[in-house]
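Please treat every number below as a calculation from the coordinates, not as lab data. None of the values given here were measured: they were computed from a predicted structure. Cβ sites come from the backbone with ideal geometry, for glycine too, and all protein chains shown count toward neighbours.
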Amino acid sequence: MAENRGSLAIGMAFLLRRKLEAEFRRFRKEYTASRIEFWKKHQKRVEKRIEELEAELPRKPKKKIQKVDID
């Protein structure tokens with residue numbers, strides 16, 4: 001009888017694990033889809049804000065690099 005309980009517990013644990021993995025996959029799929037949708041919805045605003053911040057950055061004049069030959 002004890003052997004049956006052990007194998008039953010193992011079987012129940014296996015089924016529970018499969019169920020939880022399936023739920024996790026579904027959740028991950030829905031979450032990923034919602035994040036992609038969110039990004040597409042707000043992408044223009046984010047890009048515009050990035051351009052505004054880049055425009056505010058101080059511009060430094062580029063230094064000319066002189067090549068020096070060492071003999």
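Table: residues versus (1) outside any helix (DSSP H, G or I); (2) surrounded by fewer than 10 Cβ atoms within 10 Å (Cβ to Cβ).
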| site | (1), (2) |
| --- | --- |
| M12 | no, no |
| A22 | no, no |
| K29 | no, no |
| K40 | no, yes |
| Q43 | no, no |
| R49 | no, no |
| L53 | no, yes |
| P58 | yes, yes |
| K63 | yes, yes |
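Residues in the stretch 16-63 that are of a type in the set (G, A, S) and under 22 Å from the mean Cα position of the chain (by Cα): A22, A33, S34.
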